[in-house]
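*Asks:* Would you mind keeping the following structure in view while I ask a few things?
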Amino acid sequence: MSSVQQLSVPHVLGIKYLATSDVELILETAKEFKEVINRPIKKVPSLRDVTIANLFFENSTRTRISFELAEKRLGADVVNFSAASSSVKKGETLLDTVNNILSMKVDMVVMRHPAPGAHHFLSQNIDANIVNAGDGTHEHPTQALLDAFSMQEAVGGSLRGKKVCIFGDITHSRVALSNIYCLQKLGAHVRVCGPPTLIPKHIGALGADVSYDVDDSLAWCDIANVLRIQLERQEMKYFPSLREYSRYFSITMDRLNKLDKEIVIMHPGPINRGVEISSAVADSEHSIILQQVENGVAVRMAVLYLLAVRK
């Protein structure tokens, strides 16, 4: 790759811990890798002789496959670990599990874990680069980076001064927190919108505007990032029913048609069609949802490459 710059950190634990220059470097490097994955030969030997362990203690499809594709297209050796079929079920600790994997000479660990802070714990106790693929309801940094990359493509350049609204289940979303940090580092104005029960009280302290009015927020924003209602993380009722939520907060074509402008529609997936977003909107010309999936591979290639060359 042409870039000779390096990240200021040895791990990607969260957007909060990255400098603005780190975010910009990752996004610039991702542009080069996007060209690579659109060539007839999609592989580069940048991570040859590097071994990466993917540790997923929560179910995942998009993120796990995206990381695995990124790793293989960089020429890395890949080890996949699933907690459902591991010694974790027999009582083995996280540190024991990772140390056993590291004894097999693993250089980098990509991990998704239900406990916030699990990645920090690992980074302080093992000698390997750690990439956070999601920790509880805390952060999901590579999702925020691919979202920012996709936004830059959609608007044709810088996000400085752009208005981005994040709609939906903010309380249970690690994507929302990472997006807020990332977008603010890139100079965007950020708003969150959803039911009062799904917007944490502290969110305003992060510098994001708060709204409970979907139509006003759609009229305000240039880009709408719509989040999934995470029923699996909700231990209590936050709204009367999915039908009620859809009626008041779903992003629909009727709502978009009332606007006097076109806005970009995004969703990190998986989509609850007919709940937080209608199928018509998700599949419309406004949507860049499939571009987000494609860009995820390029952005994760950039993250892995930049961590590897930092050693």
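*Asks:* From the list K105, K42, K34, which residue is under 25 Å from G269 (Cα atoms), basic (K, R) and surrounded by fewer than 17 Cβ atoms within 10 Å (Cβ to Cβ)? Before you say what the answer is, go through the steps one by one.
*Replies:* Details: K105 fails: under 25 Å from G269 (Cα atoms); K34 fails: surrounded by fewer than 17 Cβ atoms within 10 Å (Cβ to Cβ).
Step by step, each of K105, K42, K34 is checked, and only K42 is under 25 Å from G269 (Cα atoms), basic (K, R) and surrounded by fewer than 17 Cβ atoms within 10 Å (Cβ to Cβ).
*Asks:* Is it the case that V175 is closer than 25 Å to T252 by Cβ, in the same structural domain as G269 (by TED's automatic domain parsing), in contact with a Phe, Trp or Tyr (Cβ under 7 Å, 6 or more places away or on another chain) and not basic (K, R)?
*Replies:* Considered against the rule, which asks whether it is closer than 25 Å to T252 by Cβ, in the same structural domain as G269 (by TED's automatic domain parsing), in contact with a Phe, Trp or Tyr (Cβ under 7 Å, 6 or more places away or on another chain) and not basic (K, R), V175 comes out as no.
*Asks:* Something else now. Looking at S85, S8, S3 in this structure, which one is small (G, A, S), assigned by TED's automatic domain parsing to the domain that holds G117 and either modelled with pLDDT of 95 or more or surrounded by fewer than 18 Cβ atoms within 10 Å (Cβ to Cβ) (or both)?
*Replies:* Just a single option satisfies the conditions, and that option is S85.
*Asks:* Of L122, L159, L146, which residue is over 21 Å from P270 (Cβ atoms) and either in contact with a Pro (Cβ under 8 Å, 6 or more places away or on another chain) or assigned to a helix (DSSP H, G or I) (or both)?
*Replies:* L122
*Asks:* Turning to a different aspect of this structure: Which numbered condition trips up G75, out of (1) under 19 Å from A128 (Cβ atoms); (2) of a type outside the set (D, E); (3) at pLDDT below 95; (4) surrounded by fewer than 18 Cβ atoms within 10 Å (Cβ to Cβ)?
*Replies:* Answer for G75: the failing condition is (3).
*Asks:* What are the pairs, 6+ residues apart or on separate chains, where a residue within the range 287-310 that is of a type in the set (D, E) has its Cβ under 9 Å from a residue that is assigned to a helix (DSSP H, G or I)?
*Replies:* Here the result reads E294/K34; E294/I37; E294/S150, each pair linking the range 287-310 to a residue that is assigned to a helix (DSSP H, G or I).
*Asks:* Regarding I166, is this residue buried (at least 17 other Cβ atoms within 10 Å of the Cβ), under 27 Å from D222 (Cβ atoms) and not acidic (D, E)?
*Replies:* Spelling it out, I166 is indeed buried (at least 17 other Cβ atoms within 10 Å of the Cβ), under 27 Å from D222 (Cβ atoms) and not acidic (D, E).
*Asks:* I've got another one for you. Please state which one of T93, T97, T63 is under 22 Å from V9 (Cβ atoms), assigned by TED's automatic domain parsing to the domain that holds S21 and not acidic (D, E).
*Replies:* Step by step, each of T93, T97, T63 is checked, and only T63 is under 22 Å from V9 (Cβ atoms), assigned by TED's automatic domain parsing to the domain that holds S21 and not acidic (D, E).
*Asks:* Let me ask something else about it. I'd like the full set of residues that are of a type outside the set (A, V, I, L, M), part of a helix (DSSP H, G or I) and over 10 Å from the mean Cα position of the chain (by Cα), limited to the range 162-186.
*Replies:* Those that are of a type outside the set (A, V, I, L, M), part of a helix (DSSP H, G or I) and over 10 Å from the mean Cα position of the chain (by Cα): Y181, C182, Q184, K185.
*Asks:* While we're looking at this one, here's another question. For the structure I just gave you, tell me whether A302 is outside the structural domain of H172 (by TED's automatic domain parsing), surrounded by 13 or more Cβ atoms within 10 Å (Cβ to Cβ) and either within 25 Å of R62 (Cα to Cα) or out of contact with any helix residue (DSSP H, G or I) (no Cβ under 9 Å at 6 or more places or on another chain) (or both).
*Replies:* The answer is yes for A302.
*Asks:* I would also like to ask the following. Out of everything in the range 125-143 that is among the hydrophobic types (A, V, I, L, M, F, W, C) and assigned to a loop (DSSP other than H, G, I, E, B), what residue ends up being surrounded by the fewest Cβ atoms within 10 Å (Cβ to Cβ)?
*Replies:* I126
The values are calculated or read from the model by the stated rules, or taken from the named source; none is laboratory data. As the structure is a computational prediction, the values presented were derived from the model and not from experiment. No Cβ is skipped: glycine too gets one built from the backbone with ideal geometry, and neighbour counts run over all protein chains shown.
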